[in-house]
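Every read-out reported here was derived from the displayed coordinates using simple, explicitly stated rules and does not represent laboratory data. Note that the structure is predicted; figures quoted are calculated from it, not measured. Every residue, glycine among them, receives a Cβ derived from its backbone with ideal geometry; neighbour counts consider all protein chains shown.
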Amino acid sequence: MTAKLAIVVGHTKNSPGAEAVAPISQHEYEWNKDLALMMTQTALQDFGPGKVGVEVFYRDGIGITGAYNQVKEWGADAAMELHFNAFTPTANGSETLYVTDISKGLAQAVQAATVATLGLKDRGVKTPQAASGGRGQRSLSQMGPRPSILTEPFFGSNEGDAAQAQECKRELAAAQVSAAINYLLTPFDNDDEREWVVTASSLNIRGGPGVEFEKLGWGPLNKGAKVALIKRYGDWFFVAHNGGEGFVHSAYLA
Ligand SMILES: [Zn+2]
C-alpha cells in the first residue's frame with residue numbers, strides 16, 4: 001500500500017507572498033519551494049520509494065485551480081499547501097488551516113508535529129475564517145473528499161519565529177511530511193480490519209463521507225458483498241470493491 005501526498009507551494013514567483021525578516025529574508029514562495037524539496041528528500045529516506053509518493057506542485061501560470069487539478073490527476077490521497085504567516089512584529093506561533101471535516105485529522109497531526117519541532121506558540125488548527133478572514137479558503141476547497149490542509153508554521157514578521165524556523169528548517173520539513181504520511185498510512189497497516197461485509201439489504205456508495213455527497217453509479221451494494229477498507233473518515237469508510245472506490249456508512253458494515 002502506498003500513500004500519495006501532494007505538496008503545493010503557496011503563491012507564485014511573480015506574486016511570492018509575504019517577505020520574512022532576517023535571517024530568512026525571503027518571500028513565502030522561495031522559502032517554501034526549498035522546504036518542499038527537503039520534504040521530498042526526507043520522505044524518500046524515511047519511508048522508501050515503494051511506500052510513499054511525494055510530489056511538489058506549483059501555482060505558477062495555472063493558478064490555484066490549475067495546480068489542484070494537477071494534484072488530483074496525479075491521484076493524491078491528500079494535499080498540503082505551504083505558507084508562513086505575517087502580521088505585526090509581535091504576532092507569533094504555528095497554525096494549520098483546513099476547511100472540510102475530513103481534513104481536520106490531518107491538520108491536527110501536522111500541527112502537532114510542527115509545534116513539537118519548532119517549539120513556538122501553538123495557535124491550533126482552524127478554518128480560514130477563524131484564522132484570517134478567509135485566506136486559503138479557495139486552496140482548501142479543491143480536493144473534494146480527500147484531506148487538504150494549509151500550513152503556517154511561523155510568523156515571518158516575527159524575529160524570534162523567523163530565526164527558529166530558519167535554524168530548524170530541515171527538521172520542520174521532515175516532521176511535517178512524516179506526520180502527514182503516517183496519518184495517511186495508518187489505516188492501511190491494520191490488516192485484520194481490512195475486509196468488511198455489507199449488512200444492509202442495499203447500501204449506497206457515495207462520492208464523499210456524508211449523505212450530501214452524490215451516489216456513485218457502481219453502487220448500491222447488496223447484503224453480503226465484501227469491501228476493502230482504504231481509509232476511515234470518522235463513521236464513513238472509503239472502500240474498494242471490484243475496482244470501484246467510494247464512501248459507505250460504517251453502520252452497515254460488519
Ligand atoms: Zn501565504
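For the chain, the relative contact order works out to 19 percent when only alpha carbon pairs closer than 8 Å and six or more residues apart are counted.
Can you tell me the alpha carbon radius of gyration of region 34-125 divided by the globular rule-of-thumb value 2.2 N^0.38 Å?
Working: Rg = 14.8 Å, N = 92, 2.2 N^0.38 = 12.3 Å.
For region 34-125, the normalised Cα radius of gyration is 1.21.
For the options Gly66, Gly243, Gly53, a Gaussian network treatment of the chain with springs between C-alpha atoms closer than 10 Å singles out Gly243 as fluctuating the most.
Across the options Ile205, Ala240, Ile62, the greatest Cα extent toward the positive end of the charge dipole of the chain (unit charges at beta carbon of Lys, Arg, Asp, Glu) belongs to Ile205.
Helix 104-118: angle to the longest alpha-carbon principal axis of the chain, degrees 0 to 90, nearest 10? Helix 104-118 sits at roughly 30 degrees to that axis. Axis of helix 63-74 versus longest Cα principal axis of the chain: the two differ by about 40°, to the nearest ten degrees. If R0 is 30 Å, the Cβ-Cβ spacing of Thr90 and Lys13 corresponds to a FRET efficiency of close to 0.50. Evaluated over region 3-187, the count of Lys pairs having alpha-carbon atoms less than 22 Å apart is 13 (only pairs 8 or more residues apart or interchain).
Where both residues lie in the chain, what percent of DSSP beta bridges are antiparallel, nearest 5? Walk me through the numbers before you get to the answer.
Working: 24 of 44 bridges.
Approximately 55 percent, going by the DSSP bridge assignments.
Per residue, the average separation of C-alpha pairs within less than 8 Å and at least 6 apart gives region 167-254 a relative contact order of 28 percent. Simple spin-label estimate for Thr2 and Val197 gives 3.4 nm between the two label positions (7 Å along the Cα-to-Cβ direction from each Cα).
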